[in-house]
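To keep things clear, I will list the structure first and then write my remarks on it.
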Amino acid sequence: MTLNKAMLIGRLTRDPEMRYTPSGAAVTNFSIATNRYGTDAAGEKKEYTDFHNIVAWNIGRRNLAELCAQFLRKGSLVYVEGRLQTRSWEGQDGAKKSRTEINVTDVEFLESRRDAAAAEGGGGGFGAPPSDEEFAATPGAAPRPATAAAPAAAETQDIDPDDIPF
């Protein structure tokens with residue numbers, strides 16, 4: 001048995017970027033920072049920051065990529081859950097490059113609009129999705145999901161059982 005699962009709570013280091021694949025699938029990329037504490041070589045306590053690349057796709061009828069692009073902003077506190085994936089490619093200079101990302105299956109907005117606005121020193125605010133009343137007043141809004149729960153494996157991608165090595 002194997003397990004590939006990552007769970008992180010952190011703050012966005014930049015605004016999300018949503019793009020579309022040639023086939024029309026929406027994908028949103030962003031990064032988050034997490035902190036950890038330890039001691040340096042001199043024995044001094046120190047805070048370390050790790051940066052994580054996040055990828056959100058629309059999964060089935062769940063518009064996870066679009067929700068992240070619409071409601072998250074730089075500085076937003078967010079919980080993400082998903083799987084680690086490393087991509088490799090050859091750069092324009094011919095060098096091999098790779099990048100490890102977390103393909104998310106669940107995203108939780110951990111701040112209210114009021115908390116996020118206060119953290120930014122006022123303004124319009126960002127972070128959490130709109131209230132139920134605001135969401136219902138949005139023209140063309142689909143029924144609101146309770147949370148962005150993990151989909152069944154069959155909804156995530158098309159996998160041919162013959163391609164599974166075990």
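Below, the figures for the structure above:
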read-out	value
In Å², nearest 10: area of SER31 left accessible to a 1.4 Å probe	10 Å²
Over segment 17-92, volume per residue of the alpha carbon convex hull, in Å³	165 Å³
Relative packing of 106-112, 23-29, 66-72, 41-47, which averages over residues the other C-beta atoms within 10 Å, highest first	66-72, 106-112, 23-29, 41-47
log₁₀ of I(q)/I(0) at q = 0.18, 0.25, 0.26 Å⁻¹ - segment 26-68, Debye sum with one point per alpha carbon	-0.61, -0.81, -0.84
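The values are calculated or read from the model by the stated rules, or taken from the named source; none is laboratory data. Nothing here was measured: the structure is a model prediction, and the numbers come from that model. Positions of Cβ are generated from backbone atoms using ideal geometry, with glycine treated the same way; all protein chains shown enter the neighbour counts. Remember, those area values only see protein heavy atoms, side chains included, never the ligands or the DNA or RNA. Shrake-Rupley method; radii C 1.70, N 1.55, O 1.52, S 1.80 Å.
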